Number of protein chains: 2
Amino acid sequence: MHNSLISHIRQIVPLEEQEVAHIQSAFKPKQLARKEILLHKGDVSNHMRFVVDGSIKAFTLNKDGGEHILQLGIAGWWVNDLYSYLTRTPATFIIQSVEPCTLLQIHRDQLEVLYGQVPMIERFFRIKIQRAYVALQERTVKAMSQPAEVRYLEFLKKYRKLEQSVPQYMIASYLGITPEHLSSIRKKMSDADLS
Amino acid sequence: MHNSLISHIRQIVPLEEQEVAHIQSAFKPKQLARKEILLHKGDVSNHMRFVVDGSIKAFTLNKDGGEHILQLGIAGWWVNDLYSYLTRTPATFIIQSVEPCTLLQIHRDQLEVLYGQVPMIERFFRIKIQRAYVALQERTVKAMSQPAEVRYLEFLKKYRKLEQSVPQYMIASYLGITPEHLSSIRKKMSDADLS
DNA sequence: CGAAAATTTGACATGACTCAACTGGAGTGG
DNA sequence: CCACTCCAGTTGAGTCATGTCAAATTTTCG
């Protein structure tokens, strides 16, 4: 069984050995091929999803068919349309694997049962959701106040691993710029390095 | 006593008459003069705050002293550093009145008591927080994908009243652009109207 | 009324996008 | 193993979006 989820949860809340067993049987593994769609726009998201391996994205499409990536996920990350999950309303995002991907997911109903067995899990998710909210606030402020180059540098600092796991044009989409523009930023940076 | 809070809550959850009384005694009115600071950066936010009248903003300062407004609030809105409130950590935002302002606020401890008296209130806040999250997601995507003129037009449609209640340079800050740029967008729009 | 703040205006510089062409690597089928 | 194709990434030219700065004008508030 995958241990990364357990150690991930233990970074935030303590767990008894017996509780670990409950968690491991409540989460179901899910394999995704490359570019497989996990959640379609308009469907209700009924699972919380943890990435064990591979990479995955959550995005919207504009009317010209262009992607706007809201979330990128690799090993150790949660990916979901949280609003759809919490409110049982149709998803506004599409969730799709980038590379072949292994997830652990738990259904909403099963999670309710798990809350009874492992009370700490409720705290764990409350904390994760709060952190997601504040991270989004920070990203919003920065998207509006900092030029793309600065945002890219911060991205590199924070998500070094992610940068190596997803193609560059998706990072551009995540940053809210065109692939060409990101390319020119990278060129400018490497030119500056040589001097 | 102010009734706007009660009718606001009743738009989302039903309330008995007795519950209304509990709510009204749990929330305390607070008067603010113009430009009065309600929450300093670094303090912990201990209240949920509902605007009865006037206008108020939540913002960060960059190193040059420039404001970045994350939230604007007028009558009928909630304004808070939600993360600080939820996690009892130091606030990253400053909350300050724009115009003289009347709030109704409830302390965290008092809210716990109120949850016992009026269970619907817990659902009410859960729904409000979820909506805040999805609104922020939408704003983030649009900040990165749409030009300032489009964002301003959407702002006008959604927040007509707000536009008349706060100075233009704050709207520019909320939109993530300079006051000069917003001014030129408005000029272009009014020029186009005449043709 | 007078001072301070907010808004407008215009000239200029930089950021970012579009489009088109090119490069280079990863399959794929012969 | 080679030629071919496809796709990601790069490059450059031209254009539009947005920021900076300074000055003029209007509004607000004491």
Find the residue count for the stretch A:1-24, including only residues that are surrounded by 12 or more Cβ atoms within 10 Å (Cβ to Cβ) and assigned to a helix (DSSP H, G or I). 12
I'd like to check something: does the stretch A:154-171 contain any residue that is within 13 Å of DNA strand C (Cβ to nearest atom) and within 13 Å of chain B (Cβ to nearest Cβ)? yes
Do we find a residue being touching a residue at least 40 places away in the same chain (Cβ under 8 Å), assigned to a helix (DSSP H, G or I) and within 16 Å of DNA strand D (Cβ to nearest atom) anywhere in the stretch A:155-163? yes
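If the requirement is being of a type in the set (Lys, Arg), within 16 Å of DNA strand D (Cβ to nearest atom), assigned to a helix (DSSP H, G or I) and crowded, with 19+ Cβ neighbours inside 10 Å, which of these qualifies: A:139, A:151?
The unique qualifying residue is A:151.
With out of contact with any helix residue (DSSP H, G or I) (no Cβ under 7 Å at 6 or more places or on another chain), within 11 Å of chain A (Cβ to nearest Cβ) and more than 16 Å from DNA strand C (Cβ to nearest atom) as the only criterion, which of B:125, B:93 stands out? Please lay out each step first, then the result.
Values: B:125 fails: within 11 Å of chain A (Cβ to nearest Cβ).
That would be B:93, the only listed residue that is out of contact with any helix residue (DSSP H, G or I) (no Cβ under 7 Å at 6 or more places or on another chain), within 11 Å of chain A (Cβ to nearest Cβ) and more than 16 Å from DNA strand C (Cβ to nearest atom).
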Residue A:192 - would you say it is over 23 Å from residue A:99 (Cβ atoms) and either among the small types (Gly, Ala, Ser) or near DNA strand C (Cβ under 10 Å from one of its atoms) (or both)? yes
Tell me whether the stretch B:104-116 contains one or more residues that are surrounded by 18 or more Cβ atoms within 10 Å (Cβ to Cβ), touching a Pro at 6+ places or on another chain (Cβ under 7 Å), aliphatic (A, V, I, L, M) and away from chain A (no Cβ under 14 Å). yes
Long-range neighbours under 7 Å by Cβ, at least six apart or interchain, first residue in the same structural domain as residue B:78 (by TED's automatic domain parsing) and without any contact (Cβ under 8 Å) to a residue 12 or more places away in the chain within the stretch B:100-116, second surrounded by 14 or more Cβ atoms within 10 Å (Cβ to Cβ) and not in a strand (DSSP E or B): B:115/B:121; B:115/B:122
Which pairs do you get when a residue that is over 14 Å from residue A:117 (Cα atoms), found in the stretch A:1-26, comes within reach of a residue that is assigned to a helix (DSSP H, G or I) and of a type in the set (Lys, Arg), reach meaning Cβ atoms under 9 angstrom, with the pair 6+ apart or on two chains? A:12/A:123; A:12/A:128; A:13/A:123
Looking only at the stretch B:177-184, decide whether some residue is assigned to a helix (DSSP H, G or I), of a type in the set (Val, Ile, Thr) and either more than 16 Å from DNA strand D (Cβ to nearest atom) or surrounded by 14 or more Cβ atoms within 10 Å (Cβ to Cβ) (or both). no
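The values are calculated or read from the model by the stated rules, or taken from the named source; none is laboratory data. Since the model is a prediction, treat every value here as computed from it, not as a measurement. Neighbour counts are summed over all protein chains in view; Cβ atoms, including those assigned to glycine, are modelled from backbone coordinates with ideal geometry.
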